[in-house]
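Student: Mind looking over this structure? Questions follow.
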Amino acid sequence: MRGDFETRLIPLSRLESNRGQVEGLPKNPRVIRDAKFEKLKKSILENPEMLALRELLVWQDEALANRGRYLIIGGNMRFRAMTDAGFKEAPCKVIPMDTSLDTLRAYVIKDNGEFGRWDFDALANEWDMGELDDYGIDMSAWSVGEQDFEDANQEIDTEDFSEMMSLKLAYTEEEFAVVAASLDAIDPESREKALLKVTGWEE
């Protein structure tokens, strides 16, 4: 079964984003914000031939097959960008129907995972910063002062931090709405003060 994948050109109208509609297969865990979405769309429009080099990963069970539909296992963001850009079809790698849910779950995570890390010195010295930004490389993840946050398990050295710091949190729209409503209930005038109260830093 493994390796037995067929490549097809499939109309976008027959593809469905993974929203968790198949029991046992969680929704796509990646989100994309407006600016990055526009960069992804621009990238696809500038180099559409790359779509054939990295097809969408799609699958169907019996219910989807009966409706002539496919579920996107990998490439949900590209699908959104292609739809918005006016594409009518996409090159797809079709995963066999008898693939287990455990294997599909692994594909979902591994397709969205990132191994390795950028060589920041090479990027800084050999690439144009504007070009990298256009390509969608997230420059904000590089460093804060001398502190590298690339490794999530790295102990953070706070010695050189200034007295006041900003903390940036990432939420989906749904998660932000829940957090905002909870903070507003604690302190309707200031979410910052509500957060301080929750952490115990302010009475």
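The values are calculated or read from the model by the stated rules, or taken from the named source; none is laboratory data. Remember, it's a predicted structure, so these values are computed and weren't measured experimentally. Note: ideal-geometry Cβ built from the backbone for every residue, glycine included; neighbour counts use all protein chains shown. The protein model used for the area step is the full one, side chains on, heavy atoms only, and it has no ligands, DNA or RNA in it. Shrake-Rupley method; radii C 1.70, N 1.55, O 1.52, S 1.80 Å.
Student: Name the residues in segment 72-116 that are in contact (Cβ under 8 Å) with a residue 60 or more places away in the chain and part of a helix (DSSP H, G or I), would you?
Tutor: Those that are in contact (Cβ under 8 Å) with a residue 60 or more places away in the chain and part of a helix (DSSP H, G or I): 79, 80, 82, 83, 101, 104, 105, 108, 109, 112.
Student: Do we have residue 45 as more than 23 Å from residue 98 (Cα to Cα), more than 19 Å from the chain's Cα centre (by Cα) and open to solvent by 40 Å² or more (accessible area, probe 1.4 Å) here?
Tutor: Here the answer is yes, as residue 45 does meet what is asked.
Student: Among the residues of segment 48-63, which ones are outside any helix (DSSP H, G or I), of a type in the set (A, V, I, L, M, F, W, C) and surrounded by fewer than 20 Cβ atoms within 10 Å (Cβ to Cβ)?
Tutor: If the condition is that a residue be outside any helix (DSSP H, G or I), of a type in the set (A, V, I, L, M, F, W, C) and surrounded by fewer than 20 Cβ atoms within 10 Å (Cβ to Cβ), then 53 is the only one that fits.
Student: Then there is this: Any chance segment 23-39 includes a residue that's of a type in the set (Gly, Ala, Ser), touching a residue at least 60 places away in the same chain (Cβ under 8 Å), surrounded by fewer than 16 Cβ atoms within 10 Å (Cβ to Cβ) and part of a loop (DSSP other than H, G, I, E, B)?
Tutor: Among the residues of segment 23-39, at least one is of a type in the set (Gly, Ala, Ser), touching a residue at least 60 places away in the same chain (Cβ under 8 Å), surrounded by fewer than 16 Cβ atoms within 10 Å (Cβ to Cβ) and part of a loop (DSSP other than H, G, I, E, B), which makes the answer yes.
Student: Of everything in segment 3-22, what is of a type in the set (A, V, I, L, M, F, W, C), modelled with pLDDT of 95 or more and not in a helix (DSSP H, G or I)? Give them in sequence order.
Tutor: Hits for segment 3-22 are 9, 10, 15.
Student: Filter segment 100-124 down to the residues that are open to solvent by less than 100 Å² (accessible area, probe 1.4 Å), modelled with pLDDT under 75 and of a type outside the set (Phe, Trp, Tyr) and list them by number.
Tutor: 112, 113, 116, 119, 122, 123, 124
Student: Would you please name the residue that is nearest to the chain's Cα centre (by Cα), looking only at residues in segment 64-83 that are open to solvent by 60 Å² or more (accessible area, probe 1.4 Å), over 20 Å from residue 107 (Cα atoms) and not β-branched (Val, Ile, Thr)?
Tutor: 67
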